[in-house]
Amino acid sequence: MAPPLELTASFRSTAQPRRVPFAFVAERLWLDFVNTDAGARGADALHDFSRFTDWLQAAQVLDAERASSMRRRSLQQPAGALAVLGDARRVRTVLRALAEIGDAAHARLDALNEINRVLGRSAGTRRLELRDDGSFAREFVSVGDAFAGLLIPIVESAADALILGERHRVRRCADPRCGRVFQDETKNGRRRWCDMSTCGNRAKAARHRMKLHA
Ligand SMILES: [Zn+2]
């Protein structure tokens, strides 16, 4: 069960969640989004709307200008911001199931329905943007409800995974306490850890200790 929504936290100076830098280790946007359900790894990126916007910016879904316009808008329309946060959590739950048990027909169907629900509700236009660093990015500019478009790039990334049949490359980190998922892009398909500097390193240290005590 997800904890209750706390939009109000973004408007208070106290009770801020611990700010840890976001990790992008999954090779796919939709999987990085799944990994925002913190667990033992720190604060939930969907803890409040402002943090969600921070994550979207860190994921390069929003540029700085659009991110700050979203933050302003969330203060003017708190109910709308709260609704999209609830929506984001719902999408995330369904996408985690797709990542972990995507061979099960119900997980795929749930994902399909959820993706289409988000896509069907959002009116807007697509643009190709040239970023400051010279790279190109696809952008979705929504008309009407600006919040509605926020989840589009995430569900499109999941849609691409289904279309391309990538699910069999999705793994869960070999550390059972971790829970992160990622796309294994290695040639031999043997990536085990979400991140070598954290989980991979801990496993290496544990093997070393075992050797010493053997
Ligand atoms: Zn891990």
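Rule-based calculations on the coordinates, nothing more; no lab input. On a predicted model such as this, the values are computed, not experimentally measured, just so you know. As a convention, Cβ positions derive from the backbone with ideal geometry for all residues, glycine included, and neighbour counts pool all protein chains shown.
Tell me the angle of helix 201-213 to the major Cα principal axis of the chain, expressed in degrees between 0 and 90 and rounded to the nearest ten.
Roughly 20 degrees, rounded to the nearest 10.
Placing unit charges on C-beta atoms (Lys and Arg positive, Asp and Glu negative, everything else neutral), compute the dipole magnitude of region 28-181 about its Cα centre in debye, rounded to 20.
240 debye
What number, rounded to the nearest 500 deg cm²/dmol, is the helix-based mean residue ellipticity at 222 nm of the chain, given -39500 (n - 2.57) per DSSP H run of at least four residues and division by all its residues?
When only DSSP H runs of four or more count, the value is -14000 deg cm²/dmol.
Would you give the gap between the C-alpha center of region 148-214 and the C-alpha center of region 86-103, rounded to a whole Å?
Their Cα centres are 16 Å away from one another.
Could you tell me the largest-minus-smallest coordinate of the C-alpha atoms of the chain on each of the three principal axes, in descending order and whole angstroms?
Over the chain, Cα extents along the principal axes are 64, 43, 40 Å.
As a footprinting exposure proxy, order Leu82, Leu151 by other Cβ within 10 Å, with the fewest listed first.
Leu82, Leu151
Once phi is turned into ³J(HN,Hα) by the Karplus curve 6.51 cos²θ - 1.76 cosθ + 1.60 with θ = phi - 60°, what whole-Hz value does each residue of region 181-188 show in order, with x for glycine and proline?
Karplus-based 3J(HN,Hα) across region 181-188 equals 10, 7, 8, 7, 9, 5, 4, 8 Hz.
Projected onto the charge dipole of the chain (+1 at Lys/Arg Cβ, -1 at Asp/Glu Cβ, origin at the Cα centre), which of Phe52, Thr198, Thr93 gives the Cα projection farthest towards the positive end?
About the Cα centre, the residue reaching furthest to the positive side is Thr198.
Residue by residue, what Karplus-based ³J(HN,Hα) values in Hz, rounded to whole numbers, does region 84-94 have, using 6.51, -1.76 and 1.60 with θ = phi - 60° and x for Gly and Pro?
So the J values, rounded to whole Hz, are 5, 5, x, 4, 4, 5, 5, 4, 5, 4, 5.
Quick test of your reading: applying the under-4.7 Å Cβ rule, which cysteines of the chain are isolated?
Cys199
Using Cα pairs closer than 8 Å and at least 6 residues apart in sequence, work out the relative contact order for region 117-214, in percent.
Across region 117-214, relative contact order equals 16 percent.
List the residues, sorted by chain then number, that are 5 or more residues from Val170 or on another chain and whose placed amide H is less than 5 Å from its amide H.
Correct list: Asp184.
Using θ = phi - 60° and the Karplus form 6.51 cos²θ - 1.76 cosθ + 1.60, what ³J(HN,Hα) does each residue of region 65-74 get, whole Hz, x for Gly and Pro?
5, 5, 5, 6, 5, 5, 5, 4, 4, 5
When a footprinting reagent is the concern and you count Cβ atoms within 10 Å, what order do Phe22, Phe52, Phe33 take, fewest first?
So the ranking, lowest neighbour count to highest, is Phe22, Phe52, Phe33.
Near the amide H of Leu62, under 5 Å away, which other amide H atoms are found, from residues 5 or more places off or on another chain, if H is placed in the peptide plane?
Long-range HN contacts for Leu62: Gln57.
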